[in-house]
Structures are given as structure tokens and as C-alpha cells.
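K.L.:
Pasting a structure below so you can have a look.
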Amino acid sequence: MGVHDSVRASRRLAAVAGAGFLGLALAAAPLASDDAQAKELIYGSWLPQAEYTNAVALPTIFEEIKKETDGEIEWRLVPGGQLANPKTTFDAVQNGLMAAGIGIPSYVPNLVPASNTIYGTVQFGTNPVVAGAAATETLTLDCPECLAEFRKINAVPLAGWTVSPYYFACREPVASMEELKGKRVRATGVGNTELVGMTGATPVAATLVEAVSLLQRGGLDCTFGVVEWLRTFGYADFVKNLTNYPLGMTGPALGLLINRDVWDDFTKEEKILHLKKAAWFSAAQSIGQFIDNEKKALEWAQKEKGLKLIEPTDAGEFKKLTEDFDKIQRQRNIETAKGFGVKDPAAIIDAYNKNYAKWEKLAPEIGTDIDKMAEMVWQEIYSKVDPDSF
């Protein structure tokens, strides 16, 4: 199936999916002419329109792809969950309802359990450059099971990153583990869920989008996540206190989860182009969003929303929490993955930790230079991929 045929097939599939979905699809991608259709690939993002991924990272690479292919490949971004939510993105990409989207393995661990083994391993550093590159390298080069499970669901996983360190952000001030007991905290992924549970809080499985209404209705007392989400998803309207202790990074999120029929129809040169843009996308998310925007979001939340930084009464108890969790997470991740049929989850975790140590050594050279990180992600990861057999 060609790229252009795949796009038309996507619309035929949308038509049989129901009138409501069809309305959204047509509203997002109005039919203009055969020539216009021939150049258009739909990217469905469930993130808000103003979020960094939609406002900066994706428009940048999409414009560059259009320019560098002389308009032969044109990506059209449809933000705000108009086409699929975080969970249904995998199905929408698999079935061709959209050509690409953002994939979070923890939302569908039954579909991609090997990849979720990486996502479920919490790294207790503070630099998303290190964790993001390590997670991406592990999935791409060191996890054949990960790639096989994406082939099974007709998808190609590109452009990985991890978020910045997670924090507790709560309605009421939380300065100790004791004050977390019994609180309902948004947490997803087996690692974060268990970590939150170890504090005595009650983990609530909800997507980033679902958490908004839960906070509004009082169904959550706290979120467990990155500072930038306070602004992106409006959490700062409800939570006014941030416990100032970093509690680990998770990933990889996959920014270019591409339908395999679309990928297979690209020429080799077009595949290489997308791999290079994936490297830049990973770097932009790691640095532009989860370092630079984190700082801006914290300043905004403090100034505009009255967010208060709550210093722990005893930082040692939070440090012990991470140490205790780190001791048990490996075996827990192995058992969970084996329960989903992953053959050798220990090897995946070992590769991730080895790559993490590798990128810790490379990170000082990168600093906070997006282009430098993109260059290194290309050299160390995507340049080693055979685009025709990926």
C-alpha cells in the first residue's frame, strides 16, 4: 500500500468507524482535491494545542520534512484529542485511522509489555537528557522484543523521551510521608503506581487528560508528575502546593508512533529523513520541554497561580523511599513483564541501566543544547538503524 493509498484507506476506515468519528476526521482534515490528499498524512495528538509538543516540536519537524521532500510528504497536525485519546492512539495508528501519534507504553501494557518494561523502570536521576536518550537507545537497539511487538501492532516506534523528575503536587501542603497517607494521587505505570503506594497514598490510574476532571470534581488530592503539566493541563488551578523533592523519571514516550504501512511506502531516503527528525524531536522534548519549559512553568505557577514550594520536614524519609523502591523494582518489573509473556525482561532492564550510565558520561558534552543532543542521538542510535528492516 502506498503513502497516498494509505491516507485514502485511513479515511475509508474512519468512515466505517462511526458518524461521530468521521465528523471529527473530516473537520480535522477537510477534503480539498486529489493533489491535496496525495500530500497529506494525519498526525493525531491528544495533547492540548498549546502544549510544547504541538506548539513547537511537531510543527518544526513537519515543516522541515515538507521542505526537504519538496512537498511530497506533508504532515497535518490534529491536536487536542480530536482523533484519539492516549489509550486509543495505538489502535488508531494500527488501523490507519491516523498516520501517526504519541504512544505511551504504560497505557497499553498488554500490547507492548517489553517496551513497558523500560517505561516501568524508574530512574532516580534528575536529567531527562540522560534518561531520555538511554530509554530510546534501549528500545531501539537493545530490545528485539520491543520492536517485534510494535511490528505486531503495525507500528514503527520513533522519537523517544522521558519526562523530567516527578513531584507530588497537592491541594493541601504535604511536607512528610505521614501527610501523604490516604491521599488520592494520580499515578500511572506499574513503577509510579507502586512508588506512590509505598508512601501510604492511594494511587488513582488516570491519563493526563482524565486527571483534569478528577481534580475539578475532587476525585484527586494530588498529582504525581512533572511541573510543566501544572500549566499544560491546568492542574495549577486546583493544586497549590508542590513537595520539593524529585522522585524519578519514566519513559520512553514515543512521539512518532507511525503506521507501518505509511512507513513502508517511504523511500529509504525518506525513512532516513524521518529518523533524523526523530533524533531532533527527542532532543527538543528532553531539553526544550522538560528542562527549559519546566523552569518557566514553575515560575508561572508560583507567580500566576500562587503555587507554594513545600520543603520536606525530613528529606531523608523521601530519600529512603527511593532507595527502598529501587531495591525492589527490578524484580517486580521482571515478574510483571513475564506475566505478559516477555521472554527476557532482565536483559531489557540491564541494557537500560547500562545505557543510562553511558549517557551520564555523554550528557556534560550536550548540556542544554538541543541540536547537540539531536546530533548525538542520531550518531549513537538512529544512524545504526536499518531503515528498511526496522
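K.L.:
In the stretch 81-110, what residues are open to solvent by 50 Å² or more (accessible area, probe 1.4 Å) and touching a residue at least 24 places away in the same chain (Cβ under 8 Å)? So that I can check it myself, show each step before the final result.
P.N.:
First, pick out the residues of the stretch 81-110 that are open to solvent by 50 Å² or more (accessible area, probe 1.4 Å): 82, 85, 87-88, 91, 94-95, 110.
Of everything in the stretch 81-110, those that are open to solvent by 50 Å² or more (accessible area, probe 1.4 Å) and touching a residue at least 24 places away in the same chain (Cβ under 8 Å) turn out to be GLN82, ASN85, LYS87, GLN94, ASN95, ASN110.
K.L.:
Here's another thing I want to ask about it. Under 24 Å from ARG76 (Cβ atoms) and open to solvent by less than 40 Å² (accessible area, probe 1.4 Å): does that describe ALA284?
P.N.:
On the way: under 24 Å from ARG76 (Cβ atoms): yes; open to solvent by less than 40 Å² (accessible area, probe 1.4 Å): yes.
When the stated conditions are applied, ALA284 passes them.
K.L.:
What pairs can you find where one residue is in the stretch 301-321 and among the aromatic types (Phe, Trp, Tyr), the other is assigned to a strand (DSSP E or B), and their Cβ atoms are less than 9 Å apart, with a gap of 6+ or different chains?
P.N.:
The qualifying pairs are PHE318/THR243.
K.L.:
Enumerate the pairs (first residue in the stretch 167-194 and more than 17 Å from GLN123 (Cα to Cα) and acidic (Asp, Glu); second residue anywhere and at pLDDT 95 or above and outside any loop (DSSP other than H, G, I, E, B)) with beta-carbon separation below 8 Å, excluding pairs fewer than 6 apart on the same chain, so at least 6 apart or on different chains.
P.N.:
GLU172/GLU179; GLU172/ASN241
K.L.:
Of all residues in the stretch 330-354, count the ones that are part of a helix (DSSP H, G or I) and open to solvent by 40 Å² or more (accessible area, probe 1.4 Å). Talk me through it step by step, then tell me what you get.
P.N.:
Pass one, the stretch 330-354, residues part of a helix (DSSP H, G or I): 330-339, 345-354.
From what's left, open to solvent by 40 Å² or more (accessible area, probe 1.4 Å): 330-331, 335-336, 338-339, 347, 350, 353-354.
Going through the stretch 330-354 one residue at a time, the tally reaches 10.
K.L.:
Being surrounded by 20 or more Cβ atoms within 10 Å (Cβ to Cβ) and in contact with a Gly (Cβ under 9 Å, 6 or more places away or on another chain) is the filter; apply it to the stretch 213-231 and report the residue that is nearest to THR322 (Cα to Cα).
P.N.:
ASP221
K.L.:
Right, LEU141: surrounded by 24 or more Cβ atoms within 10 Å (Cβ to Cβ), of a type in the set (A, V, I, L, M, F, W, C) and over 22 Å from PRO86 (Cα atoms) or not? Spell out the reasoning first.
P.N.:
Values: surrounded by 24 or more Cβ atoms within 10 Å (Cβ to Cβ): no; of a type in the set (A, V, I, L, M, F, W, C): yes; over 22 Å from PRO86 (Cα atoms): yes.
No: the conditions fail for LEU141.
K.L.:
Find the helices (runs of 4 or more DSSP H) located wholly in the stretch 185-289 whose residues include 3 or more that are under 27 Å from GLN302 (Cα atoms), and list them.
P.N.:
Numbers: elements: 190-198, 210-217, 228-232, 260-265, 268-283.
Fully inside the stretch 185-289 and qualifying: 190-198, 210-217, 228-232.
K.L.:
How many residues are open to solvent by 10 Å² or more (accessible area, probe 1.4 Å) and part of a strand (DSSP E or B) when one looks only at the stretch 146-177?
P.N.:
The qualifying residues number 2.
K.L.:
Give just the number: which of (1) outside any loop (DSSP other than H, G, I, E, B); (2) within 22 Å of THR121 (Cβ to Cβ); (3) at pLDDT 95 or above does LYS327 not satisfy?
P.N.:
Going through the list (1) outside any loop (DSSP other than H, G, I, E, B); (2) within 22 Å of THR121 (Cβ to Cβ); (3) at pLDDT 95 or above, LYS327 breaks only (3).
K.L.:
When you look at GLU375, is it within 30 Å of ILE272 (Cβ to Cβ) and not small (Gly, Ala, Ser), yes or no? So that I can check it myself, show each step before the final result.
P.N.:
Numbers: within 30 Å of ILE272 (Cβ to Cβ): yes; not small (Gly, Ala, Ser): yes.
Considered against the rule, which asks whether it is within 30 Å of ILE272 (Cβ to Cβ) and not small (Gly, Ala, Ser), GLU375 comes out as yes.
The values are calculated or read from the model by the stated rules, or taken from the named source; none is laboratory data. The shown structure was predicted, so the numbers you read here are calculated from the model rather than taken from an experiment. In this analysis, Cβ positions are derived from the backbone assuming ideal geometry, glycine residues included, and neighbour counts consider all displayed protein chains. The accessibility values were calculated without ligands, DNA or RNA, using every heavy atom of the protein model including side chains. Shrake-Rupley method; radii C 1.70, N 1.55, O 1.52, S 1.80 Å.
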